[in-house]
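Peer 1: I am attaching a structure below and will ask some questions about it afterwards.
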Amino acid sequence: MKITLLSRSASIPSTKRLIEAARARGHKARVLNPVRVEMHLDGRSANLYYQRKKLSPCDVVIPRIAQSISNYGLAVVNQFAMRGIPIVNSAQAIAQSRNKMRTLQLLSAHGIDIPATVMARDAGDLKEMVGLVGGVPVLVKLLQGQEKHGVMVCESLQSLEAALEAILGLGHNLVVQQYVKKTGHDLRVLVIGGKAVAGVRRRPRVGRLSATLNRGARLEGIALSPSQREAAEGAARLVGLDVAAVDLLDVQGAPKVFEVNSSPALPEMEAATGMDLAGLIVERAEQLVREAPPRAPRRERAASSAPAAKRGRRTPKASAGGL
């Protein structure tokens, strides 16, 4: 099987693990930097090039799209999908997970418990609404963010005011979220193919309030409770992710989902759990390939996607090059 990994670099630890896992199973793996992929559309076909050369075919794509290149990277993911290639995490699901407020709205609407959260565009309004999330300390998060970036803990109203003015002054949207002090840690659950396969407890470094920044947090493998599994699997399913890291706060046995990530860091979780998580992701890619319908020749795909009024007309033949 030929696997394409969309990642900024093959040396990124999680990407490196996926390469190792793919090759250990006898697959070919290539890494493409999404920003170096060129796309061509002409109404009949959707072609892809890499450094000005047409890409050779692949069987499945595993995207690891960085937040900094989301818009272009997700367009690349979608272009592969237009070619009928199975994708581990669709562009739509990744985009959904990147918007924290929309994700929380979706989860809340379907009965999945979340921490109390407020969102507003005015710093004064946000300060007045802090009481709705339990008062300080609170978590302040950029609306568009991923993993350890764009999250901070504000321990006082003064620090909250400074953070709000700075972030809103730069034109960023944000959410203010309840900080649960009682647990002293949070949980991360890896969901693959709809099943919770691993869980870790994240403990902050001494002197830090929160492990949510994932900066120096100690990870410990844990056995997941039924309620933790149910919450994580439900969140991943609603967002639409094949592979998701679901972050939970477990308050007295009642898990609250506070974030869903599409590109989790793998080596740290593997070290904490002793599991080959990269291998499980590759197995999910294998399953998607087995379950995918046969891909029609390109001219048939073009004809089937053309407007009904134009079908049957004679049109110039699409070029014969493959992906």
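The values are calculated or read from the model by the stated rules, or taken from the named source; none is laboratory data. Note that the structure is a prediction, hence the values are computed from the model and not measured. Cβ: placed from backbone, ideal geometry, glycine included. Neighbour counts: every protein chain shown.
Peer 1: Identify, from the list Gly193, Gly199, Gly274, Gly279, the residue that is at pLDDT 95 or above and farther than 21 Å from Ala22 by Cα.
Peer 2: Gly199
One line per residue, one yes/no per condition, for (1) buried (at least 21 other Cβ atoms within 10 Å of the Cβ); (2) closer than 18 Å to Ala244 by Cα; (3) touching a helix residue (DSSP H, G or I) at 6+ places or on another chain (Cβ under 7 Å); (4) among the polar types (S, T, N, Q):
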position	(1), (2), (3), (4)
Ala22	yes, no, yes, no
Asn33	no, no, no, yes
Val76	yes, no, yes, no
Ile87	yes, yes, yes, no
Ala95	no, yes, yes, no
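Peer 1: While we're here: Go through region 48-89 and give me each residue that's part of a loop (DSSP other than H, G, I, E, B) and under 21 Å from Ile12 (Cα atoms).
Peer 2: Listed by number, the residues that qualify are Gln51, Arg64, Ile65, Ala66, Val88, Asn89.
Peer 1: Further question: Within region 115-123, is there a residue that is assigned to a helix (DSSP H, G or I) and more than 24 Å from the chain's Cα centre (by Cα)?
Peer 2: yes
Peer 1: For Ala120, state whether it is more than 20 Å from Asp250 (Cβ to Cβ) and in contact with a strand residue (DSSP E or B) (Cβ under 9 Å, 6 or more places away or on another chain).
Peer 2: Against the criterion (more than 20 Å from Asp250 (Cβ to Cβ) and in contact with a strand residue (DSSP E or B) (Cβ under 9 Å, 6 or more places away or on another chain)), Ala120 qualifies.
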